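So the structure is just underneath, and the comments pick up after that.
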Amino acid sequence: MVRVTIADDMGLALVGAEMLLKQEPDVEVVGTFQSLAELLKSLAHLSPDVVLVGDRIEPGLDVLALVEQIRQAAPHSRIIVMSLVCDGQIVHELLTGGVTGYLYKSDPLQHCLTNAVRAVVRPRPFLSPTADAAYLTAMQSGHKEWPLDAEARDVLRRIAQGYRPQEIALTHDSPVRRIYWVCTKLRRRFGAETNEHLIARAAEEGFLP
């Protein structure tokens with residue numbers, strides 16, 4: 001039996017995923033949650049093989065930080081992210097960060113969900129059709145890859161909150177020149193000319209909550 005935990009802020013998505021998986025004789029749904037706090041609290045004793053999670057279950061977290069928290073709470077579980085955002089770069093970042101599956105919610109998930117669960121436990125990555133096409137397009141675009149680590153994501157978040165580089169440097173206990181370097185890399189990473197453009201692109205691609 002494949003043990004699956006489902007977490008999503010949308011009750012309809014939660015119920016729908018649970019109904020689909022319960023039809024499978026080799027899949028057991030061991031918990032459903034509508035908040036990240038409840039999910040994290042339960043992961044240790046549930047020990048699911050797969051965590052199926054919506055990317056907006058915690059509005060204050062970007063999806064990469066969300067995945068990091070789940071990985072810390074359940075290091076041996078496979079993670080499948082469900083999202084209404086379908087951008088090849090965010091899919092790439094998530095796969096690099098330890099996610100094994102990505103489901104675009106507008107795809108026909110009744111045909112993808114059980115296949116995704118079975119694939120990731122093998123383990124093999126699984127992307128729903130639209131997510132797969134977006135990922136391949138991003139990887140073929142020649143975009144220079146630069147992974148958004150915790151430092152870069154925090155700088156991005158503080159820029160979105162209106163902090164200046166000097167203020168960010170104080171919070172990071174880093175030289176101002178390093179923060180300017182990170183800001184420059186972020187603009188190149190998102191193809192942005194200004195901070196306003198950077199914030200808009202990052203939010204559009206799902207990197208900002």
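Quick one: Karplus J couplings for region 60-72, per residue in order, coefficients 6.51, -1.76, 1.60, θ = phi - 60°, nearest Hz, x for Gly and Pro?
x, 10, 6, 5, 5, 5, 4, 5, 4, 5, 5, 5, 5
Using Cα atoms only, what is the angle between the long axis of helix 109-120 and the major principal axis of the chain, expressed in degrees (0 to 90) to the nearest 10?
80
Shape of region 2-139 from its Cα gyration tensor (a ≥ b ≥ c, root eigenvalues): rounded if a/c is under 1.5, otherwise prolate when a/b > b/c, or oblate?
Details: a/c = 1.41, a/b = 1.18, b/c = 1.20.
Rounded, because the longest to shortest axis ratio a/c is under 1.5.
Which Cα, out of Ile70, Val27, Ala7, lies furthest along the positive dipole direction of the chain (beta carbon charges, K/R +1, D/E -1)?
The Cα lying farthest towards the positive end belongs to Ile70.
For the chain, set up a Gaussian network in which alpha carbons nearer than 10 Å are linked by springs, and say which option among Ser47, Ser141, Ser35 fluctuates the most.
Ser141
Report the number of Lys pairs in the chain whose alpha-carbons are under 28 Å apart, with separation of 8 or more residues or on distinct chains.
Details: Lys22/Lys41; Lys22/Lys105; Lys41/Lys105; Lys105/Lys144; Lys144/Lys185.
Lysine pairs meeting the criterion: 5.
Could you grab the relative contact order for region 150-204? Cα pairs under 8 Å, six or more apart, rounded to a whole percent. Write down the numbers at each step before the final one.
Values: 33 pairs, mean separation 17.3, N = 55.
Over region 150-204, the number comes to 31 percent.
For region 150-204, what does the alpha-carbon gyration tensor say about shape, rounded, prolate or oblate, given a ≥ b ≥ c as the root eigenvalues, a/c under 1.5 as rounded, and a/b over b/c as prolate? Spell out each step's value before the answer.
Details: a/c = 1.98, a/b = 1.63, b/c = 1.21.
Prolate is the answer for region 150-204, as a/c is 1.5 or above and a/b outweighs b/c.
No value in this document is a laboratory result; all are computed from the given coordinates. On a predicted model such as this, the values are computed, not experimentally measured, just so you know. A quick note on method: Cβ atoms are made from the backbone with ideal geometry, for glycine too, and the neighbour counts reach across all protein chains shown.
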